[in-house]
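To keep things clear, I will list the structure first and then write my remarks on it.
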Amino acid sequence: MKVVILAGGVGSRISEESVKRPKPMIEIGEMPILWHLMKIYSYYGFNEFIICAGYKQHMIKQWFSDYFLYTSDITFDFTVPDSIIVHNRNTEPWKVTVIDTGLETQTGGRLKRVQQYVGDETFMLNYGDAVGDINIAELLAYHRSHGKTATVSVYNYGQTKGVLEIDKTTNSVTDFREKSDFDGNLINIGFYVLEKEVFDHIRGDEDEFERHTISELVDERQVQAYVHRGFWQCMDTLREKNKLEKLWQSGGAPWKVWDNR
């Protein structure tokens, strides 16, 4: 099963880093967050990736080209034209297709542009800028159990402050307490499982995946939510990037499922 990763946006909210590179190439522990995300999927046996590139897309292509060289033992035989002998390959068993989906293309449009590479099978989709200890096998099993076009992973992005309970009729405060795991809203965290019919709901480059594609599927009752109750963290800001870096350097990064389990 293929995993499509959206990696073409500018990432304006973390411009301190994205001015130099695509957002998914911003590093955590000296490796791009894109690599971390791919390692999560690879742990569960999904090793074929389609990268929807755009902004500074050449940097993504160059990184994968260099990654193979940097992680393998190689002989360059200059006596034979174009001769490279690989002795010991230490890279993951990945097949990575990087497609330039345009600079201004919206998320739905980017997905539509790689339809020919996805084919007619069930596939996964991710935004490429967040990590978590998502159980991908459980997510896929849940998707297959309900038979709908789309499964979206959701997460309780809880309150960070104390909580007021207010009577809606009188506006009287009825309780003031510390936050709990039950406060907050369920948000979309971008670990999707999708059927090929999703492409029928994308008209062109101008379509945003959430606003247009998923909204249409919701109206048709074709979207099911998978609730993730573990760790998840996006990387929208420099503060969030530093938080992920600190977790990684501590040796206890929760999303490092390939070593933690």
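The values are calculated or read from the model by the stated rules, or taken from the named source; none is laboratory data. Because the structure is predicted, anything quoted here is derived from the model rather than measured. Using ideal geometry, Cβ is built from the backbone for each residue, glycine included, and neighbour counts are taken over all protein chains shown.
Which residue pairs have Cβ atoms under 9 Å apart, sit 6 or more places apart or on different chains, and have a first residue in the range 132-158 that is closer than 17 Å to residue 45 by Cβ and a second that is of a type in the set (Lys, Arg) and surrounded by 18 or more Cβ atoms within 10 Å (Cβ to Cβ)?
Once the first residue is closer than 17 Å to residue 45 by Cβ and sits in the range 132-158, its partners that are of a type in the set (Lys, Arg) and surrounded by 18 or more Cβ atoms within 10 Å (Cβ to Cβ) give 133/256.
What number of residues within the range 33-54 are of a type in the set (D, E, K, R) and surrounded by 21 or more Cβ atoms within 10 Å (Cβ to Cβ)?
Residues of the range 33-54 of a type in the set (D, E, K, R): 39, 48.
From what's left, surrounded by 21 or more Cβ atoms within 10 Å (Cβ to Cβ): none.
Summing the residues that are of a type in the set (D, E, K, R) and surrounded by 21 or more Cβ atoms within 10 Å (Cβ to Cβ) in the range 33-54 gives 0.
Can you name the residue in the range 234-261 that is in a loop (DSSP other than H, G, I, E, B) and crowded, with 19+ Cβ neighbours inside 10 Å and, of all such residues, is modelled with the lowest pLDDT? Even if it seems obvious, please write down each step before you answer.
Keep residues of the range 234-261 that are in a loop (DSSP other than H, G, I, E, B), which gives 235-237, 250-256, 261.
Checking which are crowded, with 19+ Cβ neighbours inside 10 Å leaves us with 235, 253, 255-256.
Working: 235: 92, 253: 96, 255: 97, 256: 96.
It comes out as 235.
Looking at the structure I just gave you, is residue 17 at pLDDT below 95 and either part of a helix (DSSP H, G or I) or crowded, with 19+ Cβ neighbours inside 10 Å (or both)?
Spelling it out, residue 17 is indeed at pLDDT below 95 and either part of a helix (DSSP H, G or I) or crowded, with 19+ Cβ neighbours inside 10 Å (or both).
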